[in-house]
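One structure below.
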Amino acid sequence: SDNNEYIEVPLDPNLTPQQNSQKYYKKYMKAKNTFAATSQQLDETLKELSYLESVQLYLENCNSPQEIDDIKQELAEQGYLSLKKKKNQNKQDKPLPPHHFKSTDGFDIFVGKNNKQNDRLTLRQSSANDIWLHTRNTPGSHVIIKSNGAQVPDNTLLEAAMLAAFFSKAKFSSNVPVDYTLVRNVKKPNGAKPGMVIYENFKTIFVTPQENVINTLKIKE
């Protein structure tokens, strides 16, 4: 132990010292493997909980039947729902566009409406030098500032961070931590659920979402 105390270990008198040693080693390995498996299961469960919380958030923010259908389709692909085939199953609806805003400095800002759209927005429709934002440890939308190779002003960062906070579970909170980094620093692990990514080399900005400010930035779809 930490205090270098002696611990008396009971031995089975019917076993040799070597057999006693093997017995305790087997117990140790069993406990170690159980701990490792339980830790992995806990980690996977927490990730799944975070994913489902994000789905709930997007459902609460839906403004059209197609937005709901997109989330239903995502849940079906992940094995949570079983959807009946429609007559025109082969005819796919045009993917919904993300929310579109323009900062007071004139930079386009896009906000994902669901997890699949988050992946598409961040991983396929953004450039390496665009800026990616997301609330820290809180389910929410991916937010992208299209930099077009220019230096993004602090005010635009603040407005984009406010959008990230507004379109998250922390919508009604204050001093919300929002992480931001270049898109090139955002990666999707193999096997990760839609919208789930990891990122590095980030900074954090604290904001309080203000709906009146956000409404002035909105571009009509």
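A short reminder: the numbers here are calculations on the coordinates, not readings from a lab. Since we're looking at a predicted model, the values are computed, not measured. All Cβ positions, even for glycine, are placed from backbone atoms using ideal geometry, and neighbour counts span all protein chains on display.
Decide, for the chain, between rounded, prolate and oblate: order the square roots of the alpha carbon gyration tensor eigenvalues as a ≥ b ≥ c, take rounded if a/c falls under 1.5, and otherwise choose prolate if a/b is larger than b/c, else oblate. Prolate shape, in that a/c is at least 1.5 and a/b is the bigger ratio. Residue separation of F202 and S64 scaled by 0.36 nm, minus their Cα-Cα distance, works out to 46.3 nm of gained length. With the cut-off at under 17 Å, measuring from each backbone N in segment 53-74 to a point 7 Å along the Cα-to-Cβ line of Q125 picks out 58, 62-64, 66-71, 74.
Within segment 111-152, all pairs of alpha-carbon atoms sorted by distance into 10 Å bins from zero give the percentages 31, 52, 17. With R₀ set to 41 Å, the beta-carbon distance separating Q40 from S173 gives a calculated FRET efficiency near 0.85. With a Förster radius of 30 Å applied to the C-beta separation of E48 and D154, the computed FRET efficiency comes to 0.25.
Placing +1 on the Cβ of every Lys and Arg and -1 on the Cβ of every Asp and Glu, with no other charges, gives the chain a dipole of roughly 980 debye about its Cα centre.
Using a ≥ b ≥ c from the Cα gyration tensor of segment 110-221 (square roots of the eigenvalues), is it rounded, prolate or oblate, where a/c under 1.5 gives rounded and otherwise the larger of a/b and b/c decides, a/b for prolate? Taking the square roots of the gyration eigenvalues as a ≥ b ≥ c, segment 110-221 is rounded. Shown is the FRET efficiency for N215 and E8, computed with R0 = 45 Å from the Cβ-Cβ distance and rounded to the nearest 0.05: 0.05. For the options G149, G140, G195, a Gaussian network treatment of the chain with springs between C-alpha atoms closer than 10 Å singles out G149 as fluctuating the most. Given axes a ≥ b ≥ c from the Cα gyration tensor, I'd like to know whether segment 164-221 is rounded (a/c under 1.5), prolate (a/b larger than b/c) or oblate. Prolate is the answer for segment 164-221, as a/c is 1.5 or above and a/b outweighs b/c. Bridgeable aspartates and glutamates around K146 (alpha carbons under 18 Å apart, same-chain partners fewer than 8 residues away excluded): D105, D108, D119, D130, D154, E159, D179, E221.
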